[in-house]
Structure formats: C-alpha cells, structure tokens
Amino acid sequence: MSGGTIGRLWTSAVAVGRMHGLTIQLFGEKGGLRWAQEQPNQLYWTPVGAGTSIIDRGVAGISPEADRATRVTVGHAEGFFGAFGNIYADLAEQLRAKRERRAPNPLALSCPTAEDGFHSIAAIQAAVASAKAQGAWVDCASGHLPS
C-alpha cells in the first residue's frame with residue numbers, strides 16, 4: 001500500500017464454523033479496530049495499553065459518516081427494516097392473490113393478522129388490569145378487550 005502500509009487478506013469459502021464470517025480488522029500505531037458481520041452493530045476499539053471498548057451503532061459522539069450510515073435507532077438491528085419488509089411483501093402477495101382470485105403462496109400466510117394484533121392488545125390490557133388489581137387473574141382469552 002502507499003506509504004509502506006502492509007495489508008493482509010485471508011479468505012476462504014469453506015471455513016467450517018464461520019457462516020457469513022466477514023471480519024475487518026485494522027491494526028496501527030495507536031491501536032486496533034475490529035468489525036464482524038456476525039455482530040454488525042458493534043465496532044471493537046482497542047487502544048495500545050488499554051482494554052477493548054465496544055462502540056455501538058447509533059450512539060452519541062460517533063462520526064458524522066457513521067451517523068449518516070445508521071438507518072434505525074439504537075436498540076433495533078439494521079435488519080429491522082428488512083423484517084417489516086418481509087411482512088409487507090407477504091401482505092402484498094395476499095392482496096394480489098385476492099384481486100386475481102387465486103390462492104396466495106402458502107409461505108405468505110405466516111405474517112401476523114389483525115386478529116393476532118387484537119390478541120396482543122388484549123394481553124397487554126389484561127396485564128395492566130391485573131397490575132391494578134394487585135396481581136389478580138384477568139382473563140384475556142374471551143375475545144373482548146378489557147375496558
């Protein structure tokens with residue numbers, strides 16, 4: 001590399017036990033950096049003579065470049081959008097199938113339904129009602145939301 005920097009590349013398509021093991025490591029005079037695809041939200045920084053620090057994606061104080069590359073807030077993996085994209089694609093397949101008067105792809109039928117959402121809200125409201133009643137049992141299986 002220019003300026004005499006030495007670089008090494010190790011690559012393998014058959015590294016047993018390392019599925020999607022893309023890792024980038026840099027070692028310099030001031031310390032080392034490591035990023036691994038299997039833990040994509042963290043950057044590991046080890047300054048010379050000190051312990052390793054983990055820099056999480058999206059935290060305050062990161063560089064403007066890193067902040068710009070962050071798509072979702074801390075606490076959500078970058079795959080968060082993709083997960084919802086899968087649900088939207090399944091719903092779109094169901095709607096297309098209905099419009100075209102055909103059966104939808106069976107794989108598109110595993111997304112949550114409005115009824116699933118209803119039951120989730122009923123369970124949360126039952127937990128709140130139970131807490132207000134000092135832990136008394138509150139039935140949420142009746143199909144009616146507690147008031």
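With respect to SER53, is the statement that it is over 26 Å from the mean Cα position of the chain (by Cα) and polar (S, T, N, Q) true? Answer is no for this residue. Within the range 1-46, take every residue that is of a type in the set (Val, Ile, Thr) and open to solvent by less than 60 Å² (accessible area, probe 1.4 Å) and give me the one that is modelled with the lowest pLDDT. Only one residue fits best here, namely THR23. Counting only residues that are within 22 Å of PHE80 (Cβ to Cβ) and among the small types (Gly, Ala, Ser), the range 32-46 holds 1 of them. State all residues of the range 76-90 that are in contact (Cβ under 8 Å) with a residue 12 or more places away in the chain and either assigned to a loop (DSSP other than H, G, I, E, B) or within 30 Å of PHE27 (Cβ to Cβ) (or both); if no residue qualifies, say none. Hits for the range 76-90 are ALA77, GLU78. The set of residues in the range 57-71 that are open to solvent by 60 Å² or more (accessible area, probe 1.4 Å) and outside any helix (DSSP H, G or I) comprises ALA60, GLY61, ARG71. Scanning the range 47-56 for residues that are part of a strand (DSSP E or B) and either open to solvent by 50 Å² or more (accessible area, probe 1.4 Å) or of a type in the set (Phe, Trp, Tyr) (or both) yields a count of 4.
The values are calculated or read from the model by the stated rules, or taken from the named source; none is laboratory data. None of these values were measured; they are calculated from a predicted model. Positions of Cβ are generated from backbone atoms using ideal geometry, with glycine treated the same way; all protein chains shown enter the neighbour counts. With ligands, DNA and RNA removed, areas are computed over all heavy atoms of the protein, side chains included. Shrake-Rupley method; radii C 1.70, N 1.55, O 1.52, S 1.80 Å.
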